[in-house]
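The values are calculated or read from the model by the stated rules, or taken from the named source; none is laboratory data. This structure is a prediction, so every number in the text was calculated from the model and none was measured. Using ideal geometry, Cβ is built from the backbone for each residue, glycine included, and neighbour counts are taken over all protein chains shown.
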Amino acid sequence: MQKPSKSVNSQVLELKFHLPPGSRVAVEAAPAFAGAKPRQRHEVTRYFDTPDHLLDRIGLTLGVRRSGVIHTQTVNFRTSHHGIVTNRGEWEWRSGQDKPDLFRLANTQALAAVAPVIKNKLEPVFETDIWRTTRLLHLEENTIVEAAIDQGSMKAGSARESVSELELKLKAGCIGPAYRLAANLQTLAPMWILPERNSARGWYLRTGQTEGGQIAQMLKLRRTMEAAVAFETILSGILGHLIANIGAALRGDTEALHQMRIAIRESRAVLQLFERHLDAGAVARFNAALRSLGEIFGAARDWDVFCLETLPAAMADLPTQRLEDLKLVAEVERESAHEAVAEVERGHDLTAIVLALAVWAEAGAAQPSTLGDDRMGTTLGSLAPSLFDRAADRVKHRARHVSGLSVAKRHGLRKSLRKLRFDVEFLAGLYDRNAVKIYRRHCQALEKILGTLNDSIVAKRLALSLVTASRPDLAKPAAALMRWNARRDRKALQRLKPALKDWRTSPAFWS
């Protein structure tokens, strides 16, 4: 009977960045790399799955890596995010063959159930051919980071894409110095954060399909948690939500773009939630940067809603109004807006703000006094009621005389309500589940009505922008769309006051 070779099981914490042409030289010239001996090896890794993507669907990646004459079988659990760091489980075995040995899986407790299900069903699905250069970097606080630069290619059938990446893997110590290293490197060389899994990229090459938008992971907060630690936990979770969607958004997935926009809004919401207890200058700087990012993502999302939701709904009700002419021109504008988002994702600003927030949050959690007043050193349970009171009061103030609110003031009400709903979701775990559920439901109902009213305003603005001197023929379908919008507005306005009353009378679960 064959004896299993020793397996290595570990949790891998890493930061991964795409390196555009020319960036490698600047990265390797960074002071942190001075004196670190480079080690280079050639690795060819073939990845396997079943024809129906079984392993990918359950979150596993199975590969056999060849470096020289040595073969290593690897299994990775799907990536999760601890802030901007990806966290994945990994098993490795030395292997004497270039195909998977299911005996290794069958004799590993966490993987044993998989082996019989995939037996005789595996096939190669994609392959990477990489030259990897690694260095061990010794940073402050006794932190050791392995910096790996990968250059090569990935292929699936006849499809191929180049690989040029920097990976920072935590080997010992704490994550703060790794964040600061990444932020410093990004000032020296163009690079952008890209934590997308190899399996997601490989399946995209093979099928042309992305894994889609990733929703936020549930936060684990406790009433006894120090408020500064809770702030870091919430902000780190939001940043993880943001970067988890970069890969799919770059490949054109509209839901991934929507999730990134949500995460940007969540970032601003948590800054406002704690702002009285944080450094005012830092909050202002981060808020301004996030607002600029949000405007670019918001423009693309507006065109997505217009093209994929508003126009199809109107076309179903108005089949004779030639709204398809409007849609054809709108799709051109939508594509342009998505290109602007892609430029941001591949540019300096998005990665810079993500790294700056990660550094700030991590440093603040370690030293609560640097975040502002001493209330950040108290428990989250004792601070939360005052945070909720302030957020709810802001909504109540903006909701006065709701029937007479201007479009701009209605939009302000919607933004305050949305931030309150985010606050509820951040801190929901501290309170009775049913009470939170009722309050959240009333928030969502009111927000949906305000969202419909806002969509109508946006639809009117976008439709009018399409009527130009070169396309005067679009004036008639644009007018038909606006009449349809007006009817939708009237119905929404009829529901606004009752929904607001329900929200106002909903018990404050935090009191």
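Quick notes on this one:
- Checked against the criterion of being assigned by TED's automatic domain parsing to the domain that holds Arg39 and within 30 Å of Pro38 (Cβ to Cβ), the range 100-109 has no qualifying residue.
- If you go through the range 1-23 and pick out every residue that is modelled with pLDDT of 90 or more and either in contact with a His (Cβ under 7 Å, 6 or more places away or on another chain) or buried (at least 18 other Cβ atoms within 10 Å of the Cβ) (or both), you end up with 6.
- Restricting Ala115, Ala182 to residues that are within 25 Å of Lys37 (Cβ to Cβ) and either of a type in the set (D, E, K, R) or surrounded by 14 or more Cβ atoms within 10 Å (Cβ to Cβ) (or both) narrows the list to Ala182.
- Arg346 more than 30 Å from Ile238 (Cα to Cα) and in the same structural domain as Asp304 (by TED's automatic domain parsing): no
- Residue ID - modelled with the highest pLDDT, chosen from residues in the range 51-75 that are buried (at least 17 other Cβ atoms within 10 Å of the Cβ) and not in a strand (DSSP E or B): Leu55
- Evaluation of Leu462 against (1) at pLDDT below 95; (2) within 28 Å of the chain's Cα centre (by Cα) (one fails), failing number: (1)
- Glu324 surrounded by fewer than 18 Cβ atoms within 10 Å (Cβ to Cβ) and of a type in the set (D, E, K, R): yes
- Any hit, the range 423-430, residues being over 25 Å from Asp302 (Cα atoms) and either among the hydroxyl-bearing types (Ser, Thr, Tyr) or exposed (fewer than 15 other Cβ atoms within 10 Å of the Cβ) (or both): yes
- Looking only at the range 448-484, and only at residues there that are in a loop (DSSP other than H, G, I, E, B) and free of Cβ contacts under 8 Å to residues at least 40 places away in the same chain, the one that is nearest to Gln494 (Cα to Cα): Val467
- The sole residue among Arg88, Arg94, Arg66 that is farther than 30 Å from Trp192 by Cα, in contact (Cβ under 8 Å) with a residue 12 or more places away in the chain and of a type in the set (Lys, Arg) is Arg94.
- If you go through the range 224-271 and keep only what is among the basic types (Lys, Arg) and either under 14 Å from Val354 (Cα atoms) or buried (at least 22 other Cβ atoms within 10 Å of the Cβ) (or both), you end up with Arg261, Arg265, Arg268.
- Filter result (under 32 Å from the mean Cα position of the chain (by Cα), within 17 Å of His53 (Cα to Cα) and touching a residue at least 24 places away in the same chain (Cβ under 8 Å)) within the range 97-116: Leu111, Val114
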